[in-house]
Amino acid sequence: MSEALHKSRRVVFSIVGWLEFVVSVFALVGITSHLFGFKGFWDLFCVSGLSDFLKYLFDALIGIEFIKLLCKNDFASMVEVLLFAVTRHLIIQHLETWELLLGVLAIAALFAVRRFLLVRTEKNPDKKPEPQD
């Protein structure tokens, strides 16, 4: 049973990888069409502009990262989901200055957790993490 579970997780991860690729292609096409003023793209997806389009893309990305979280069950995946959720909130919502500051501080705290707490526990708890380029 365990081998079948690992095999199904690999299949889900490959599907999720392709979904991330498709979302990134949609983002590229959508942002390019917005830059060049092509209105037919927006009518195709029934969105009124770039803000709505980005909202849908972020929702899809958060869903994809949530699927990864369910398959992996580790804290690194949870931090990734939270990063996407906070980033979506900062980009899509029209916030006050102090709310933006709190969001940026939340993202900085999530990066600090990922860098200093998760790296040590995943590799070797006694060894210092090596610098990443």
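The values are calculated or read from the model by the stated rules, or taken from the named source; none is laboratory data. These numbers come from a predicted model, not from an experiment. Quick reminder, even Gly has a Cβ in these numbers, built from the backbone with ideal geometry, and neighbours come from all protein chains shown.
Quick one: which helices (runs of 4 or more DSSP H) sit completely within segment 25-116 and have at least 3 residues that are in contact with a Leu (Cβ under 7 Å, 6 or more places away or on another chain) and closer than 30 Å to residue 6 by Cα?
75-92
Among the residues of segment 47-70, is any at pLDDT below 85 and out of contact with any helix residue (DSSP H, G or I) (no Cβ under 9 Å at 6 or more places or on another chain)?
So far as segment 47-70 goes, no, none of its residues is at pLDDT below 85 and out of contact with any helix residue (DSSP H, G or I) (no Cβ under 9 Å at 6 or more places or on another chain).
Look at residue 92 and say whether it is modelled with pLDDT under 90 and in contact with a helix residue (DSSP H, G or I) (Cβ under 6 Å, 6 or more places away or on another chain).
Answer is yes for this residue.
Return the total of residues in segment 1-35 being of a type in the set (Ser, Thr, Tyr), modelled with pLDDT under 85 and under 21 Å from residue 51 (Cα atoms).
The number of residues fulfilling the criteria is 1.
Just wondering, is there one or more residues in segment 61-70 that are over 15 Å from the mean Cα position of the chain (by Cα) and of a type in the set (Asp, Glu)?
Within segment 61-70, not a single residue is over 15 Å from the mean Cα position of the chain (by Cα) and of a type in the set (Asp, Glu).
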